[in-house]
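I have placed the structure first, in the form of structure tokens, so that the comments after it can refer back to it.
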Amino acid sequence: MPVWPKSLITIGTGLLTARTASRLRRKKTAVGDQEATLARLTAQFAQTRFWPNAGIGEKLGPDAFRTATPLRTYEDFAPAIEKMKQGEADVLWPDTCAFYAVSSGTTVGRTKFLPVTEGMLAHFRKAGLDSLLYYTARVGDSGVFRGRHLFLGGATTLTAIPESKPFLAYAGDLSGITALNLPPWVEQHLYEPGAAIAQMADWPAKIAAITARTSSLDISLLAGIPSWVLILAEALRAHSGQGKARASNLQGIWPNLECFVHGGVPIGPFDEELRAALGPGVNFHEVYPASEAFIATQDSEAIAGLRLMTDAGIYYEFLPMADFDANHLANIGHKAVPLAGVKVGVDYALLLTTPAGLGRYVIGDIVRFTSIEPPRLVYVGRTQLQLSAFGEHVIEKELTDALTTVCRRHQWNIVNFHVAPLFVNSSTGQTRGRHEWWIELKPGTTSTPVSPQLAAELDVELQRLNDDYEAKRLGGGLEAPSVRLVLPGVFEHWLRHQGKWGGQNKTPRCRSDRLIADALAKITHSARD
């Protein structure tokens, strides 16, 4: 495939920006896009060995599809995926599959090997480009394509799957798999930090190498997890101060930096610190990526929600959380609705049907629509990570919003946090349950945070955000929360122990058990000994 000159890329992306802006203005296309996507996917499913026996043997419309086959989790697909890893063809998707994305996930447990077929690679390429075109259409200029794009993704080095031999199958971060399958024009003219640095798994060394390589480049776009972007920004600013005045922000180093792409973790706790580190002229562009699919992207002000990518090869269904029951998924599939049936303000478990051969897959995310035309949604949490040990039904978004509000009020910067239940304990005299917050704040704040103040203010914010929590607190069914301010490095230690340090990995914000909280307690006690 020939590599286009940079001038042609600039002209081409300008034309694509205008076309994208026109397409986004058109009304009522999303439902039609979804129905066409479903017809294409089910036609492909019919060519496999798994799906005709599971109810899908021809092109299906939304109503027929909804009753043709039950909902499934990764565990339901695992035996078929094992066959694919062995090199068997036409299992879940036509032909063989050599690449598998290891899901970082936000739960603790089994590693998932998600097939990345040629169809999935095509999806990620299209969705990635479309997301950038949504950005250029939003700002009215395609100038971001004139510079280079720096991605702080996972290591691109892939590991051969031993049990797949003699078939050659490889596993690794999705960001690594997609980076190894970039179009030549992207690799030559846009992609940073280059192949050699992208392979590095040692994150401190990787940050140092990126700093040395990119400090003199024309970077126009930066993408990554907020915590690592802040670390990179500090390293670049320190590097800029060698022998000359230290840059106050990244725009002082990269004058044409205009776009920061973020997704995967809520931006709220890091918003102000990121804006100061990047510079006043940098636009934020939010995306909703997952190892299973590129789901949504920003097309207007972020507060409006992210626009569902309805024409990028993924078919979506939405199961009202009022009907969700993880133990009876096989019996509730008919209660899911297609895009045409969703309502604003309702929490839905997200279901995906993808060109990896995953049909009606329960991804584990909860979303809520903010508008129907166009379809925009917000991520509100995980089906398995709601905090409801006492019937309070608190979701991840509410915990994040509460902590963000309190910390902004006092100009405290959040490094990481986790919330768990503290159960009744006769030995300590605790007669009712409560929430326990584990919070790591960045040193050097203008006022000193103390646990009782944080706990009281978090309690007020959560009562404002969640009616069930308020009812439990006012009714005496739940004690006031407690806060444990942890020493720097506790969350990093936990992530390293889980093998999830660096890249797109993150700490689960809440659980209805103490699996993570007790591990944090052990780390804290060890640090004191």
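The values are calculated or read from the model by the stated rules, or taken from the named source; none is laboratory data. Because the structure is predicted, anything quoted here is derived from the model rather than measured. Positions of Cβ are generated from backbone atoms using ideal geometry, with glycine treated the same way; all protein chains shown enter the neighbour counts.
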Filter pass, Phe318 being of a type in the set (A, V, I, L, M, F, W, C), touching a helix residue (DSSP H, G or I) at 6+ places or on another chain (Cβ under 9 Å), not in a helix (DSSP H, G or I) and not assigned by TED's automatic domain parsing to the domain that holds Phe77: no
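Hey, does segment 391-401 have a residue that's among the aliphatic types (A, V, I, L, M) and under 18 Å from Pro289 (Cα atoms)? Show your work before the answer.
Going residue by residue through segment 391-401, those that are among the aliphatic types (A, V, I, L, M) are 394-395, 399.
Filter once more, so that each one left must be under 18 Å from Pro289 (Cα atoms): none.
Within segment 391-401, not a single residue is among the aliphatic types (A, V, I, L, M) and under 18 Å from Pro289 (Cα atoms).
Suppose the filter is in contact with a Leu (Cβ under 7 Å, 6 or more places away or on another chain), polar (S, T, N, Q) and either within 23 Å of Tyr135 (Cβ to Cβ) or crowded, with 20+ Cβ neighbours inside 10 Å (or both); does Asn249 pass it? Don't jump to the end; show me each part of the working.
Working: in contact with a Leu (Cβ under 7 Å, 6 or more places away or on another chain): yes; polar (S, T, N, Q): yes; either within 23 Å of Tyr135 (Cβ to Cβ) or crowded, with 20+ Cβ neighbours inside 10 Å (or both): yes.
Criteria met by Asn249.
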Tabulated pairs, segment 476-493, first farther than 16 Å from Asp518 by Cα, second loosely packed, with under 13 Cβ neighbours inside 10 Å and polar (S, T, N, Q), C-beta under 9 angstrom, 6+ apart or interchain: Glu479/Thr431
Looking only at segment 344-375, which residues are in contact with a strand residue (DSSP E or B) (Cβ under 7 Å, 6 or more places away or on another chain), farther than 18 Å from Glu398 by Cβ, surrounded by fewer than 20 Cβ atoms within 10 Å (Cβ to Cβ) and not β-branched (Val, Ile, Thr)? Ser371, Pro374
For segment 269-284, indicate whether the set of residues that are in a loop (DSSP other than H, G, I, E, B), charged (D, E, K, R) and in contact (Cβ under 8 Å) with a residue 12 or more places away in the chain is non-empty. no
Only one of Asp459, Asp518, Asp467 is modelled with pLDDT of 90 or more and loosely packed, with under 12 Cβ neighbours inside 10 Å. Can you tell me which? Asp518
Are any of the residues in segment 53-76 surrounded by fewer than 15 Cβ atoms within 10 Å (Cβ to Cβ), farther than 28 Å from Glu187 by Cβ and not assigned by TED's automatic domain parsing to the domain that holds Pro355? no
Say whether the condition of being surrounded by fewer than 20 Cβ atoms within 10 Å (Cβ to Cβ) and more than 30 Å from Gly364 (Cα to Cα) is met by at least one residue in segment 255-271. yes
Out of (1) of a type in the set (Phe, Trp, Tyr); (2) in the same structural domain as Gly172 (by TED's automatic domain parsing); (3) in a loop (DSSP other than H, G, I, E, B); (4) under 30 Å from Pro355 (Cα atoms), what's the single condition that is false for Phe260? (3)
State whether the residues of segment 102-119 include one that is surrounded by fewer than 18 Cβ atoms within 10 Å (Cβ to Cβ) and modelled with pLDDT of 90 or more. yes
